[in-house]
Amino acid sequence: MAHDIPTTGIRLLGISGSIRRDSHCTAVLRSLQPLLPASATIELFALDDVPLYNADLDGDAPPAAVVRLKSAIAQADGLVLCSPEYNYGMPGVLKNAIDWASRPGFASPLKGKPALIITASPGSAGGVRAQAQIRDALAATLARPVVRQHVAIANVNARLRDGRLADEATLDFVHAALADLLEDIALLGKAAFGPAGRS
Ligand SMILES: Cc1cc2nc3c(=O)[nH]c(=O)nc-3n(C[C@H](O)[C@H](O)[C@H](O)COP(=O)(O)O)c2cc1C
């Protein structure tokens with residue numbers, strides 16, 4: 001299927017489910033810019049400073065890191081989440097960030113946002129058991145997880161070199177997934193400006 005890549009400036013936001021300094025998942029996200037067309041850029045948002053969700057803090061003056069997170073999501077055309085699997089599920093760091101970003105419920109910056117889910121692990125399952133949880137949580141926020149084959153990178157440590165993905169087959173697969181994300185962004189843009197409704 002030919003991918004309809006948008007030609008104007010597309011901004012993607014990468015969010016790693018790991019705040020570890022030498023995180024494999026963050027390394028995967030750092031590998032994505034060269035896989036994108038010239039029309040698209042990706043920036044990373046680190047979750048280090050996002051506090052634990054507390055509705056008492058989620059009022060008129062939420063924590064600064066939360067304001068930055070929600071603003072970065074709002075300004076992005078699409079998200080790329082890359083996460084490890086912790087005990088067969090999504091790490092608390094990522095769930096916590098989704099929870100903060102999901103407010104106000106059903107009207108948050110996540111609503112309608114196309115989101116590509118990637119998991120990665122040194123293990124042989126590539127973190128795939130966390131994918132359904134991540135997809136479900138995003139669906140609860142009315143985000144739009146990209147519907148495609150799962151991108152689960154097994155043995156990720158062996159596929160990285162100098163902090164970047166260096167395995168050709170993995171790069172090809174991730175490239176195709178990014179193309180699917182860009183296609184969803186393009187389709188949504190067309191839908192927003194598509195045929196007028198009935199007069
Ligand atoms: C609390 C905890 C639970 C983990 N559970 C799993 C697991 O269920 N499946 C898996 O493949 N790896 C598991 N791991 C190993 C992680 O995949 C590994 O630490 C990975 O490198 C973390 O991602 P990062 O490199 O991006 O920080 C776990 C690690 C921790 C710390």
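The values are calculated or read from the model by the stated rules, or taken from the named source; none is laboratory data. Remember, it's a predicted structure, so these values are computed and weren't measured experimentally. Because the Cβ atoms are built from the backbone with ideal geometry, glycine has one as well, and the counts that use them run over all protein chains shown.
The figures follow:
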read-out: Condition met for Ser18 (under 22 Å from Asp99 (Cα atoms), small (Gly, Ala, Ser) and in a loop (DSSP other than H, G, I, E, B)); value: yes
read-out: So Thr8, is it within 18 Å of Ile153 (Cβ to Cβ) and not in a strand (DSSP E or B); value: no
read-out: Residue in segment 115-134 that is surrounded by 23 or more Cβ atoms within 10 Å (Cβ to Cβ), among the polar types (S, T, N, Q), in a loop (DSSP other than H, G, I, E, B) and touching a residue at least 12 places away in the same chain (Cβ under 8 Å) present; value: yes
read-out: Any hit, segment 19-30, residues being modelled with pLDDT of 95 or more, closer than 19 Å to His150 by Cα and surrounded by fewer than 13 Cβ atoms within 10 Å (Cβ to Cβ); value: no
read-out: Yes/no for Pro122 being near the ligand (Cβ under 9 Å from one of its atoms) and in contact with a Pro (Cβ under 8 Å, 6 or more places away or on another chain); value: no
read-out: Leu110 being closer than 18 Å to Leu12 by Cα and assigned to a loop (DSSP other than H, G, I, E, B); value: yes
read-out: Pick from segment 135-163, criterion among the basic types (Lys, Arg) and over 13 Å from Ala120 (Cα atoms), ranking: surrounded by the most Cβ atoms within 10 Å (Cβ to Cβ); value: Arg144
